[in-house]
Amino acid sequence: MQLARVTGTVVASRKEPRLEGLKFLLLSQLNTDNKETGTYIVAADAVGAGVGEVVMYASGSSARQTEFTHERPCDAVVMAIVDSWEVEGKEHFTNE
Amino acid sequence: MQLARVTGTVVASRKEPRLEGLKFLLLSQLNTDNKETGTYIVAADAVGAGVGEVVMYASGSSARQTEFTHERPCDAVVMAIVDSWEVEGKEHFTNE
Amino acid sequence: MQLARVTGTVVASRKEPRLEGLKFLLLSQLNTDNKETGTYIVAADAVGAGVGEVVMYASGSSARQTEFTHERPCDAVVMAIVDSWEVEGKEHFTNE
Amino acid sequence: MQLARVTGTVVASRKEPRLEGLKFLLLSQLNTDNKETGTYIVAADAVGAGVGEVVMYASGSSARQTEFTHERPCDAVVMAIVDSWEVEGKEHFTNE
Amino acid sequence: MQLARVTGTVVASRKEPRLEGLKFLLLSQLNTDNKETGTYIVAADAVGAGVGEVVMYASGSSARQTEFTHERPCDAVVMAIVDSWEVEGKEHFTNE
């Protein structure tokens, strides 16, 4: 998984029928110092994440292992909203 | 998923029989500022996208989760035509 | 999928039994201007491609979706021989 | 698989229900000289690894082939704690 | 698939139970001129390859399509020992 910040949303009305109802989030990847790396990805939302929140996403076939994305043509999913992380015993991010 | 613009098509008459009927699109990847990154990919078309349109594509096994690509040797699929996207509350692309 | 030119072959007599009978091709990846990018890949042949031909290959689990590669430890397959492609309405490659 | 050092942990209380109980580790990838490459990944823990330990992780669908990660939206798993490795007959790492 | 030279081995006694009995090889990726690229990977051994041998490995879910790796958390497998390869009709490697 990778860490990312939700920076926006993508709207697509003409799409594969199985995608109906999915929300697409624009994510900006983060490094472990909570800095954006310049890499983005579009991921389906499985946890109700909002713009500005720090999240984890899973890629590949693992992105289809949620109730929302099962058997859908979706290769990335936000599967958790991050509370905090620590590196070498020091907190590098907290959402409090 | 990644954002891309459809820039062309690929024709292949000698191919794996299961690919019969699939349309192959040449895609040029876009960043979130709607600029081409220089990376291309060939994807099967699942939504009737035309040259010039901005689309989303899925890669890997997820590319086989459409009616058109099911159980076919295809690792990328255009699964949506993009209407618009927003970054930090500002519209970065719209097809209107 | 990616575009590539077949540049050679790989011979391996000691191998996983399920690979018996597969032909391994050395591919040199092409960009959309039909220039080699310097990246190579070894792919199984599902279409009878020969050295010099321009082809498309699929990677990952999709590479196992052919009669030749089904349930084999093979992560790339040549699934089409390319006739031509167009970029912005201009032919960038034709095999005629 | 890749070699990595466990450098921290990620806490996420709002997540896909199937992830309940999984521990998320921050990994810093190692090269074969036991130096950090600057690349990180978040992986689920399947072996009880602690911060500071040197491990191996698997990515993609293979990350779901453990008792802990089966059918979960998880794309990386720590599946072994490394005792040692050798390059050209010379020990490059040992945890003793 | 990619070409690689076996440069060493990794020992891990604490691991996911399903990995019991697998041998982990350190591989150094080769380009088509038989030069090491500087990229390494750890792969399970399905063919009895030894240090110094030139091999092919498969990645991702395809790495689980051998008797040794079936349903195991393993994302790369050595599935062939290479005899030789040719580029543009010229032999670039032979193990004789």
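Short-range pairs are left out: with C-alpha atoms under 8 Å and at least six residues apart, the relative contact order of segment E:1-87 is 30 percent. Spatial offset of segment B:37-96 relative to segment D:80-94 amounts to 44 Å, using the alpha carbon center of each.
About the centre of its Cα atoms, chain E shows a dipole size close to 500 debye [charges on the beta carbon of Lys, Arg (+1) and Asp, Glu (-1) only; nearest 20 debye]. Can you give the longest stretch of chain B with no exposed loop site, where a site means trypsin sites (Lys or Arg not before Pro) in a DSSP loop (not H, G, I, E or B) with at most 16 other C-beta atoms within 10 Å? Free of exposed loop sites, the longest segment is B:36-96. The tail of the calculated P(r) for chain E, taken as Cα-Cα distances beyond 21 Å, holds 31 percent of the pairs. For the protein assembly as shown, with equal point scatterers placed on the C-alpha atoms only and solvent neglected, what are the log10 I(q)/I(0) values from the Debye formula at q = 0.08 1/Å, to two decimals? Computed log10 I(q)/I(0) values: -0.47.
Estimated from the Cβ-Cβ distance and a Förster radius of 45 angstrom, the FRET efficiency linking D:Ser13 and B:Val51 is about 0.45. Under the simplified labelling scheme, the D:Lys90-E:Lys90 pair shows an inter-label distance of 3.3 nm, with each label point 7 Å from Cα along Cα→Cβ.
If the limit is 32 Å between Cα atoms, which of A:Lys23/E:Lys23; B:Lys15/E:Lys90; C:Lys15/D:Lys23 go over it? Don't skip to the answer; put the middle values down first.
Numbers: A:Lys23/E:Lys23 43 Å; B:Lys15/E:Lys90 28 Å; C:Lys15/D:Lys23 38 Å.
Exceeds cut-off: A:Lys23/E:Lys23; C:Lys15/D:Lys23.
Rounded to the nearest 20, the Cβ-based charge dipole of the protein assembly as shown about its Cα centre (Lys and Arg +1, Asp and Glu -1) stands at 460 debye. Size descriptors for segment A:47-96, from the alpha-carbon set: Rg then Dmax equal 13.2, 39 Å. Quick one: in segment D:1-43, what % of C-alpha pairs are over 11 Å apart? For segment D:1-43, the fraction of Cα-Cα distances above 11 Å is 66 percent.
Bear in mind these aren't lab numbers, they're just calculated from the coordinates by the rules spelled out. Because the structure is a prediction, the values reported are computed rather than measured. FYI the Cβ positions are ideal-geometry reconstructions off the backbone, even for glycines, and counts take in every protein chain you see.
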